[in-house]
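The values are calculated or read from the model by the stated rules, or taken from the named source; none is laboratory data. From a predicted model like this one, the values you see are computed outputs, not experimental measurements. Positions of Cβ are backbone-derived with ideal geometry, glycine not excepted, and every protein chain shown enters the neighbour counts.
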Amino acid sequence: MHQSNEAIQSLAESFAERFYLQSAIDGLSKANKSKKLLENVIYLHMYLYVFKHISFYMLNGFVSDAAAQELIANKDQAIKNFLPFLNTAVDGLGLLMIPEIWAPIARDYVAFNGQSDFDDIKAAGTFFDPTKGATQVGQRIARM
C-alpha cells in the first residue's frame with residue numbers, strides 16, 4: 001500500500017510541475033513589463049526542482065556525474081541571481097502593508113529583539129528597508 005501511495009504522489013507531483021511549467025511559459029509569452037521577473041522565477045523554480053530530484057535523474061542516466069556536481073556547486077549562485085527580483089516578486093503577491101499584521105522580522109528585527117517586552121510589537125517600527133539594513137541600537141550581544 002505504501003509503495004502504491006508513493007507512486008501516486010510522485011505522479012501527482014510530476015503532473016503539477018508540468019502544469020506549472022506549461023502555464024508559466026504561456027504567461028511568459030504574454031508578459032510585457034514583468035518578462036525578466038518571470039524568467040528568473042521559472043529558472044529558479046526549475047533549478048531547485050532538478051536539484052531536489054538530482055538522485056532520480058542520475059540513477060536513470062538523465063544527468064551525468066559532472067553535470068550533477070556543477071548543478072550542486074552553482075545552486076547558491078542561482079539563488080543570488082534571483083535576489084534583485086525578490087522585492088518585486090513579493091510586491092506582486094499583493095500583500096496588505098499593515099505593520100500590525102506582519103511579523104517583527106519584516107520590520108526592524110534588531111530593535112524588536114533589543115527590547116525587554118516582546119509583547120510590544122510596535123517596537124519593531126516600520127517595514128524593513130533592505131537597502132538600508134537593520135539598526136544596531138539596542139542590539140543584544142550573545143555572551144557565552
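Within the range 5-62, how many residues turn out to be basic (Lys, Arg) and under 26 Å from Lys80 (Cβ atoms)?
Residues meeting the conditions: 4.
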Name the single residue that is farthest from the chain's Cα centre (by Cα) among those in the range 28-72 being over 18 Å from Phe15 (Cα atoms) and among the charged types (D, E, K, R). Asp65
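Taking the options Ala31, Ala24, Ala68, name whichever one is touching a helix residue (DSSP H, G or I) at 6+ places or on another chain (Cβ under 8 Å) and modelled with pLDDT under 90. Steps first, answer last, please.
Details: Ala24 fails: modelled with pLDDT under 90; Ala68 fails: modelled with pLDDT under 90.
From the options Ala31, Ala24, Ala68, the qualifying one is Ala31.
Determine whether Ala78 is surrounded by 11 or more Cβ atoms within 10 Å (Cβ to Cβ) and in contact with a Gly (Cβ under 7 Å, 6 or more places away or on another chain). First the steps, then the outcome.
Values: surrounded by 11 or more Cβ atoms within 10 Å (Cβ to Cβ): yes; in contact with a Gly (Cβ under 7 Å, 6 or more places away or on another chain): no.
Spelling it out, it is not the case that Ala78 is surrounded by 11 or more Cβ atoms within 10 Å (Cβ to Cβ) and in contact with a Gly (Cβ under 7 Å, 6 or more places away or on another chain).
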